[in-house]
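Everything on this sheet refers to the single structure shown next.
The values are calculated or read from the model by the stated rules, or taken from the named source; none is laboratory data. On a predicted model such as this, the values are computed, not experimentally measured, just so you know. Positions of Cβ are backbone-derived with ideal geometry, glycine not excepted, and every protein chain shown enters the neighbour counts.
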């Protein structure tokens, strides 16, 4: 199961509309086929990462069988977060 934190949704609301739409499409695909190659769904350090677009990523923490989505943003910010964790 996939869930998102209130912080995730706050960040999401500040994204450009085109990115929000791509994220919606990606998360629907993730629910149907988490192994789809375009998602690049993978474990990165303590996080799980999914590709939203060339420039955007989202991060989750796995809790048992659940993925708790905690962040979404630019690839540059993603790289910074991953390096810190």
Quick count over the range 6-53, residues being under 20 Å from residue 83 (Cβ atoms), more than 10 Å from the chain's Cα centre (by Cα) and free of Cβ contacts under 8 Å to residues at least 60 places away in the same chain, is 6
Any pair with Cβ under 6 angstrom, 6 or more apart, that starts in the range 60-85 at a residue that is within 20 Å of residue 9 (Cα to Cα) and ends at one that is exposed (fewer than 11 other Cβ atoms within 10 Å of the Cβ) and modelled with pLDDT of 95 or more: none
